[in-house]
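The values are calculated or read from the model by the stated rules, or taken from the named source; none is laboratory data. For clarity, every value in this text was computed on a predicted model and none was experimentally measured. With ideal geometry, Cβ positions are generated from the backbone for all residues, glycine too; neighbour counts draw on all protein chains shown. Just the protein is used for accessible areas: all its heavy atoms, side chains included, with ligands, DNA and RNA removed. Shrake-Rupley method; radii C 1.70, N 1.55, O 1.52, S 1.80 Å.
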Amino acid sequence: MAANDHGQPDAEAPRAPAPDMGGEAACLLHRVCEECGRLAPGREDRCCARCGGPLPS
């Protein structure tokens, strides 16, 4: 960490980026059924478990 003229930590010093923790995508629209609006539970699902409609690609 950088220090200012007084030997104190510089509040404006750049910080290292946070490690990539993974998780869900910010947008889940690719998993919402266009027919009934149900959210598909799996990332690899290709059709809706409720109505059988195709999920967006």
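Brief remarks on what is shown
- Scanning segment 25-45 for residues that are among the charged types (D, E, K, R) and under 20 Å from the mean Cα position of the chain (by Cα) returns Arg31, Arg38, Arg43, Glu44, Asp45.
- Where His30 falls short, out of the listed (1) at pLDDT 70 or above; (2) surrounded by fewer than 10 Cβ atoms within 10 Å (Cβ to Cβ): (2)
- Arg38 vs. criteria of a type in the set (Lys, Arg), modelled with pLDDT of 90 or more and open to solvent by 60 Å² or more (accessible area, probe 1.4 Å): yes
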